[in-house]
Amino acid sequence: MEKYKQIFIDLIKLTLPILAGNLSQILIFLADTIVAGRYSTVALGAISVASAITMTATIAAIGIVVAISPVVSNYRGAKIPAKKYFGFSVLFSFLVSIPFFLLLKLATIKLHTFNLDQELFPYVKQYLEVCAWTVFPATIFVAIKEFLQAYEKVIFANVLMFLSVIVNLILNIILTFGLDWNFIHIQEMGVLGLSVATLATRLTSMFGILLYCIPLFKNGIKISKKYIKDLMKTGVPISFALFFEFLGFNLTAVLIGKFSALFAAVHNIILCIANVTFMICLSVSNASAVKIGFFNGKKDKTNVVKYAKTSIFIILIIAFCAFLTLSLFSEQIILIFSKDPQVVALCQKIMVLVLAFLFFDCMQCANVGILKGLKDTKAPMFATLFGYLIIAIPLGSFLAFKKGIVLEGFWLGLALALFSVAIITGLRVVYDIKKLPYQ
């Protein structure tokens with residue numbers, strides 16, 4: 001236990017700042033939702049649809065640049081100079097953003113083919129026209145954050161993300177509702193204000209981290225075919241995995257929404273609760289990817305195994321705490337989101353399935369972090385594709401549309417999907433560690 005104590009401390013130290021940043025992402029989303037809801041039901045509906053479209057493209061772009069952290073960590077461990085690639089990493093993230101920006105522009109032009117409600121259509125289009133541009137600052141910011149994370153410099157980027165929550169909330173309120181105070185007169189912008197606030201927040205975060213990293217630009221832009229190859233080899237599968245996962249949840253939400261607003265509300269509340277636990281586990285997973293990537297590059301199998309075991313142990317503790325909290329205080333937690341007795345009753349009705357889902361989600365998250373550190377990202381991609389598109393959506397749709405089992409059906413599908421992903425990635429972790437070509 002004494003041998004693992006320092007490893008446990010190292011992972012926690014690296015995890016905490018990352019956790020602050022990850023939770024900030026949830027807080028930004030919650031702030032957008034609350035402000036939109038306070039403005040109007042139409043605004044809330046519009047940003048729900050528009051955000052799903054923009055985030056699907058943005059997540060796919062971010063998935064590619066997330067590879068920077070494990071690749072550079074491996075370089076560090078192998079004592080390959082990597083700071084010279086900082087400038088190119090920023091350029092790479094900009095180039096990666098271009099096709100996804102064009103995809104969002106195309107979606108905006110072809111939005112009429114989505115057959116949206118006529119009341120929502122103009123506001124969704126308005127939001128998309130502005131927020132399509134956010135893919136550039138969002139992707140560049142994450143690329144720089146991942147580069148710094150590879151060197152275990154995680155405080156500034158994640159503090160900046162936390163501050164962006166405050167900036168986003170203030171801008172949302174001012175631009176959405178308008179401001180008339182002394183000599184300051186800002187006209188009410190509604191949904192357009194929400195989109196402008198999002199873009200402004202993203203740009204502020206990007207320029208903030210660029211200014212912080214000015215010293216790293218001293219090497220200019222060093223282009224390396226090996227670096228590009230390693231980024232694409234590691235990043236493209238991560239991108240596809242995130243895309244399939246996000247697509248799976250979006251499709252589930254859309255299909256549930258076909259039955260009733262009540263079911264949609266319950267689904268969204270459960271997702272908000274699940275996202276908190278997932279973000280905590282993801283923070284540990286990201287920290288373990290950096291540490292394991294370093295020792296993998298150093299060809300130190302002993303420490304690869306130790307950090308892998310410790311990250312799984314920490315995530316098991318998180319899963320147990322989540323299980324205990326939701327088992328004992330589910331009603332109190334649900335009441336934070338809604339006081340509707342029907343919503344509370346339905347949430348509690350599917351809580352057993354949600355607890356199973358959370359446990360499997362935690363475990364697959366632990367496995368994926370280890371695999372990222374070992375630069376094996378294809379296994380999670382195929383596992384995610386199989387879990388969501390072969391199990392979750394077909395099984396959930398069958399139970400909902402054919403058997404009339406809606407919420408329980410879809411959440412059973414999601415739980416089984418995550419179970420399969422956890423098993424596949426877990427087996428892959430064991431296989432990869434056994435096959436490491438060093439001791």
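Quick look at the numbers
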| quantity | calculated |
| --- | --- |
| Listed residues 285, 248, 219: farthest to the positive end of the dipole of the range 215-289 (Cβ charges) | 219 |
| Cα→Cβ-extended label distance, 7 Å offset, between residue 121 and residue 225, nm | 5.1 |
| Whole-number D in µm²/s for the chain (Stokes-Einstein; Kirkwood sum over Cα pairs; 10 °C, 1.306 mPa s) | 70 |
| Zone of residue 352's modelled label, taken as backbone nitrogen in the range 405-439 under 20 Å from a point 7 Å along Cα→Cβ | 405-420 |
| Between the range 1-57 and the range 395-437, the Cα center-to-center distance that results, in Å | 23 |
| Trypsin sites (Lys or Arg not before Pro) within the range 51-83: DSSP coil, no more than 11 neighbouring Cβ in 10 Å | 79 |
| Sum of -39500 (n - 2.57) over DSSP H runs of 4+, divided by residues of the chain (222 nm, nearest 500) | -27500 deg cm²/dmol |
| Over the range 28-145, relative contact order from alpha-carbon pairs under 8 Å, at least 6 apart, % | 42 |
| Approximate spin-label separation residue 155-residue 180, in nm, with each point projected 7 Å along Cα-to-Cβ | 4.6 |
| Extension gain from residue 427 to residue 328, taking 0.36 nm per residue of separation minus the Cα-Cα distance | 32.4 nm |
| Using a Förster distance of 45 Å, the FRET efficiency for residue 438-residue 207 (Cβ separation, nearest 0.05) | 0.60 |
| Highest-fluctuation residue, 45, 413, 373 considered, GNM on the chain with Cα pairs under 10 Å | 45 |
| Packing-based exposure ordering (other Cβ within 10 Å, fewest first) of 32, 300 | 300, 32 |
| For the chain, built as a Gaussian network whose Cα springs stay under 10 Å, the top-fluctuating residue of 133, 181, 411 | 181 |
| Hits among aspartates and glutamates - C-alpha to C-alpha of residue 13 under 19 Å, sequence gap 8 or more where chains match | 2, 146, 152 |
| Rel. contact order, % - alpha carbon contacts under 8 angstrom, at least six apart, the range 32-223 | 32 |
| Separation in nanometres of the label points that stand 7 Å from Cα toward Cβ, at residue 27 and residue 78 | 3.9 |
| GNM flexibility winner over the chain from 363, 206, 189 (Cα, springs under 10 Å) | 189 |
| The chain, relative contact order [Cα under 8 Å, separation at least 6], % | 22 |
| Sites residue 170 and residue 217 - FRET efficiency at Förster radius 22 Å, r taken between beta-carbons, to 0.05 | 0.10 |
| Label point 7 Å beyond Cα of residue 262 along Cβ direction - residues of the range 392-411 with amide nitrogen under 20 Å | 399-411 |
| Reference-scaled alpha-carbon Rg (2.2 N^0.38 Å with N residues) for the range 234-439 | 1.08 |
| Charge dipole (debye, nearest 20) of the chain; +1 at Cβ of Lys and Arg, -1 at Cβ of Asp and Glu | 2140 |
| Convex hull per residue volume in Å³, alpha carbons only, for the range 32-223 | 124 |
| Least to most buried among 184, 68, 228, 423 (fewest other Cβ within 10 Å first) | 184, 228, 423, 68 |
| Added length on full extension, which subtracts the Cα-Cα distance from 0.36 nm per residue, residue 41 to residue 192 | 52.9 nm |
| Extension gain from residue 398 to residue 114, taking 0.36 nm per residue of separation minus the Cα-Cα distance | 99.9 nm |
| Over 29 Å between alpha carbons, listed pairs 79/378; 105/375; 125/375; 125/153; 339/402 | 105/375; 125/375; 125/153; 339/402 |
| Charge context of residue 385, other residues only, Cβ under 12 angstrom, K/R +1, D/E -1 | 0 |
| Restricting the range 344-430 to trypsin sites (Lys or Arg not before Pro) in coil, as DSSP defines it, with at most 12 other Cβ within 10 Å | 403 |
| Helical segments meeting 27 Å axial Cα length and Kyte-Doolittle 1.0 threshold in the chain (DSSP H) | 41-65, 86-109, 155-177, 191-212, 261-297, 301-337, 351-373, 407-434 |
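Read the figures in this text as sums done on the coordinates, not as results from a lab. Everything numeric here is computed off the predicted structure, so don't read it as measured data. Glycine also receives a Cβ, built like all others from the backbone with ideal geometry; neighbour counts cover every protein chain displayed.
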